[in-house]
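Let me begin by presenting the structure, written as C-alpha cells, before commenting on it.
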Amino acid sequence: MSLYEKHMRRAIELAKLGWGRTNPNPLVGAVIAKGEQTLSEGYHEALGRPHAEVAAISKAGCSLEGSTMYVNLEPCCHYGRTPPCTKAIIEAGIKQVVIAMRDPNPKVSGRGVQILKDAGIMVVEGVLEYEAKMLNEIFVKYIKTQKPFVIMKAAMTLDGKIATFCGDSKWVSGEGSRKHVHETRDRVAAVMIGINTVLADNPLLTTRLDGKNGKDCTKIIVDSCGRIPLDCNIFSGRSLAGIILATTSRISAEKESMLIQRGVRIIKLEDSKGRVDLVGLMDELGRLGLDSVLLEGGGELNASALETAIVDKIMFFIAPKIIGGKNAKTPVEGEGIKNMDDALRLKEISVKMLGNDMLYEAYVDYIKAGEDDVYRNN
C-alpha cells in the first residue's frame with residue numbers, strides 16, 4: 001500500500017463517522033500529514049458544522065507549513081453554510097492536497113482543484129476514487145439529479161418468501177441482519193413502506209441501536225386511499241421524526257384533515273392507474289431535501305418501485321430457512337415479466353454473511369448498452 005493510499009483510507013474511515021448526520025451534504029474526512037507522520041485529522045460531523053478540512057486544520061497543534069492534506073472529496077470553493085475550504089487550506093500553508101474524487105456537482109466540479117493549483121499547491125487526484133464514490137453514492141445521485149438514492153431492502157427465506165401463507169413474518173432474518181437494517185436506518189434520510197405493511201405488521205419504523213442513540217429518519221407511507229389507521233404504531237409518539245403520507249385524490253377530506261392535525265405532511269400524486277405516482281414522489285422528496293430512502297415495502301410496492309425505475313440499490317437478506325407455500329408472499333410481486341431476456345440485471349454485486357444469514361447487495365442496471373450512468377458514473 002502506498003503512502004497516499006494509507007492516509008486516504010484513514011480519511012475515508014473518518015468520513016464514515018458522519019453517517020446519517022450530514023445529509024444532504026457528503027461524507028468527508030481529512031488527514032494532514034508529513035510523510036508517515038499524521039499531524040491532524042478531522043471529519044464533517046453534521047450539517048452546518050465545519051467541513052472536514054477546516055476541522056483538521058483547526059485541531060492541529062503545530063505549523064502545517066509544507067504538509068500534505070488527504071481528503072476524499074474535492075475541497076469546496078464557495079460560501080454556503082460554512083466558508084470555502086480552499087481558502088483555509090491556502091492560508092494554512094499546506095503544500096499538497098491529495099483528493100480521491102472531484103465534487104460531482106457540475107457547477108462546482110474542478111473549481112476547487114483549480115483554485116488550489118492557482119495558489120501554487122500541488123494537487124494529486126484519483127487516489128482510491130472508486131472507494132470514495134461508493135462511500136458517497138447517496139450524495140453523488142442527489143447532487144446530480146435532486147432525487148433521493150433509493151435502497152430496496154427485503155428479508156426472505158432461502159426459497160424466496162418474506163412471510164408464511166398466513167402472513168407471519170417475524171422473524172424471517174436473524175439478529176445480525178436486523179441490526180444491520182437499523183444501522184442503515186440511522187444513515188438514510190427516510191424509510192418508506194406501503195399501507196399493506198402498516199396493516200399487516202404495524203411497525204414503529206424507529207431506529208434501535210445497541211449502546212448508542214440512533215437517529216429516527218422521516219417515515220413515508222404510500223397509501224393510495226388513505227386507509228392508514230390513526231391508532232397505528234407509526235403515530236405512537238415515540239419518535240420525533242416527521243411523517244409523510246403519499247396518497248391520491250381518493251383519500252377522504254375528513255381523514256386528510258385528521259392526519260394534518262397530527263402533523264403529517266400529505267403529498268397527493270396520482271399516476272394513470274390511480275396509484276401513487278412514485279416518480280413524482282421522488283421528485284417531491286428531493287425538493288424537501290431528503291437525499292436517501294430505505295424502501296422496506298412488501299411485494300407490491302417493491303414491484304411498482306422497480307417498474308418505475310426509482311430503485312438504485314437492493315439489499316436482500318437471505319435466511320437459511322424454507323417455508324414453502326405457493327400463496328406465501330415474495331419480495332417482488334406485481335405482474336412480473338413475460339420473457340427472461342427482459343429481467344432486470346444487477347451489477348457490482350457483493351455478498352457477505354451476517355450470522356447465518358447472507359446479505360446480497362447490488363445495483364439495479366437500468367442502463368442500456370452505450371448509455372451513461374448519470375447517477376453513479378463509476
**Report entry** Listed residues Glu91, Glu13 arranged by accessible area, highest first, probe 1.4 Å
**Finding:** Glu91, Glu13
Query raised in the report: In segment 60-208, carbon and sulfur make up what percent of the accessible area (probe 1.4 Å)?
Result: 52
Query raised in the report: Can you pull the semi-axes for segment 239-378, root of five times each eigenvalue of the Cα gyration tensor, sorted largest first, whole Å?
Result: 30, 20, 18
Query raised in the report: How do Ser169, Ser252, Ser67 stack up against each other in accessible area, from largest to smallest, with a 1.4 angstrom probe?
Result: Ser252, Ser169, Ser67
Report summary line: Ranked output for segments 207-214, 177-184 by mean other Cβ atoms within 10 Å, highest leading, reads 177-184, 207-214
Report task. Distance between Cα centroids, segment 15-42 to segment 206-277: provide it in whole Å. Result -> 35
Query raised in the report: Can you give the Rg to Rh ratio for segment 259-299, taking only C-alpha atoms and Rh from Kirkwood?
Result: 1.00
Query - segment 160-317: relative contact order in percent, alpha carbon pairs under 8 Å with at least 6 residues between - result: 23
Query - Computed P(r) (all Cα pairs; segment 191-235; 10 Å bins; percent) - result: 26, 50, 19, 4
Query raised in the report: Which value, in Å², gives the accessible area per residue of segment 1-156 when a 1.4 Å probe is used on the protein heavy atoms?
Result: 42
Query raised in the report: Counting only the heavy atoms of the protein chains, how much of Cys166 is accessible to a 1.4 Å probe, in Å² to the nearest 10?
Result: 110
Query - Computed over the chain: relative contact order in percent, which uses C-alpha pairs under 8 Å that are six or more apart - result: 16
Query raised in the report: So how exposed is Cys76, as accessible area in Å² (1.4 Å probe, rounded to 10)?
Result: 20
Report summary line: segment 1-119: relative contact order from alpha carbon pairs under 8 Å, six or more residues apart, as a whole percent, is 21
Query - Ellipsoid semi-axes in whole angstrom, largest first, where each is sqrt(5λ) of the Cα gyration tensor of segment 148-293 - result: 25, 18, 16
Query - Sequence of Asp277, Asp168 when ordered by accessible area, the most exposed leading, probe 1.4 angstrom - result: Asp168, Asp277
Query raised in the report: Where does the chain land on the Kirkwood hydrodynamic radius, alpha-carbon pairs, in angstrom?
Result: 22.4
Query raised in the report: How large is the accessible surface per residue of segment 160-312, computed with a 1.4 Å probe and reported in Å² as a whole number?
Result: 45
Report task. Find, among the chymotrypsin sites (Phe, Trp or Tyr not before Pro) in segment 132-168, those assigned to loop by DSSP (not H, G, I, E, B) with at most 16 other beta-carbon atoms within 10 angstrom. Result -> Phe165
Requested in this report: Based on alpha-carbon positions alone, could you give the equivalent ellipsoid semi-axes of segment 1-137 from the gyration tensor, as √(5λ), descending, whole Å?
Outcome: 19, 17, 15
Report summary line: tail above 23 Å in the computed P(r) of segment 67-199, as % of all Cα-Cα pairs, reads 52
Query raised in the report: Is the shape of segment 41-115 rounded, prolate or oblate, going by the alpha carbon gyration tensor and its root eigenvalues a ≥ b ≥ c, with a/c under 1.5 for rounded and a/b larger than b/c for prolate?
Result: oblate
Query raised in the report: Looking at segment 310-356, what % of the alpha carbon pairs are farther apart than 17 Å?
Result: 57
Requested in this report: Go ahead and run the numbers for FRET between Thr308 and Asp210, Cβ-Cβ distance against an R0 of 25 Å, rounding to 0.05.
Outcome: 0.10
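The values are calculated or read from the model by the stated rules, or taken from the named source; none is laboratory data. Quick caveat: nothing in here was measured; it's all calculated off a predicted structure. Heads up, the Cβs are rebuilt from the backbone with ideal geometry, glycines too, and the neighbour counts pull from every protein chain shown. Ligands, DNA and RNA are stripped out before the accessible areas are found, and what is left, the full protein with its side chains, is counted by its heavy atoms. Shrake-Rupley method; radii C 1.70, N 1.55, O 1.52, S 1.80 Å.
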